[in-house]
Amino acid sequence: MEKKESTNNYLNQSQKVLESNLDQSHKDEIFIFNIERCLSSFADEILQSSNLNISEFDKYNFEIKWDILSRNDALKNIIDRDINNIIKSIKALDKNNTEDKNIIISSDPGLKKPEMILNKFKETISLLRNLLEEC
């Protein structure tokens with residue numbers, strides 16, 4: 001499956017989860033799973049579109065992928081401002097996160113609910129895709 005299709009598929013699955021009748025804890029778990037996969041797939045898509053050459057990129061998890069991509073000057077500001085806030089927000093939403101129970105939710109006060117995280121992620125995807133098409 002093409003990277004863009006994979007990203008869009010995970011976005012659609014995330015939306016369907018939020019619209020489902022599952023109880024909230026299950027919704028959150030499945031939503032987080034899909035958003036993490038979407039972040040990984042979108043990072044792969046960005047790498048492919050930007051013609052950057054990073055060996056074994058597909059073996060990294062989504063956080064490391066975005067950290068690597070943030071080293072690119074053209075992408076840095078959007079990743080630092082938007083993607084990193086989305087990552088912080090899903091970590092805060094994750095009840096199973098044992099890394100740091102004192103995670104401060106993102107600096108964006110609008111990213112406290114899954115619906116808001118998803119909307120922000122959709123906006124960011126559109127912004128980055130447009131940026132790469134123009135370059």
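The values are calculated or read from the model by the stated rules, or taken from the named source; none is laboratory data. Computed from a predicted structure; not experimentally measured. Neighbour counts are summed over all protein chains in view; Cβ atoms, including those assigned to glycine, are modelled from backbone coordinates with ideal geometry.
Among residues of region 55-67 that are crowded, with 16+ Cβ neighbours inside 10 Å, those with a beta-carbon under 6 Å from a residue that is acidic (Asp, Glu) at least six positions away or on a different chain give the pairs Phe62/Glu36. Only residues that are farther than 16 Å from Leu131 by Cβ and over 13 Å from the mean Cα position of the chain (by Cα): list them for region 49-70, please. Once the filter is applied, which keeps residues that are farther than 16 Å from Leu131 by Cβ and over 13 Å from the mean Cα position of the chain (by Cα), region 49-70 yields Asn53, Ile54, Ser55, Glu56, Phe57, Asp58, Lys59, Tyr60, Ile68. Among the residues of region 82-115, the ones that are at pLDDT 90 or above and farther than 19 Å from Phe62 by Cβ come to 1 in all. Screening Asn21, Asn84 for residues that are touching a helix residue (DSSP H, G or I) at 6+ places or on another chain (Cβ under 8 Å) and on the phi < 0 side of the Ramachandran plot leaves exactly one candidate, Asn84. Report yes if Ile46 is closer than 25 Å to Glu134 by Cβ and more than 11 Å from the chain's Cα centre (by Cα), otherwise no. Yes, satisfied. With respect to Lys76, determine if the residue is under 26 Å from Cys135 (Cα atoms), surrounded by fewer than 13 Cβ atoms within 10 Å (Cβ to Cβ) and free of Cβ contacts under 8 Å to residues at least 24 places away in the same chain. So Lys76 fits the description; yes. Looking across region 65-83 at every residue that is among the charged types (D, E, K, R) and part of a helix (DSSP H, G or I), the one that is nearest to Met116 (Cα to Cα) is identified as Asp82. Among residues of region 1-17 being in contact with a helix residue (DSSP H, G or I) (Cβ under 6 Å, 6 or more places away or on another chain) and farther than 16 Å from Ser126 by Cα, the one that is surrounded by the most Cβ atoms within 10 Å (Cβ to Cβ) is Ser14.
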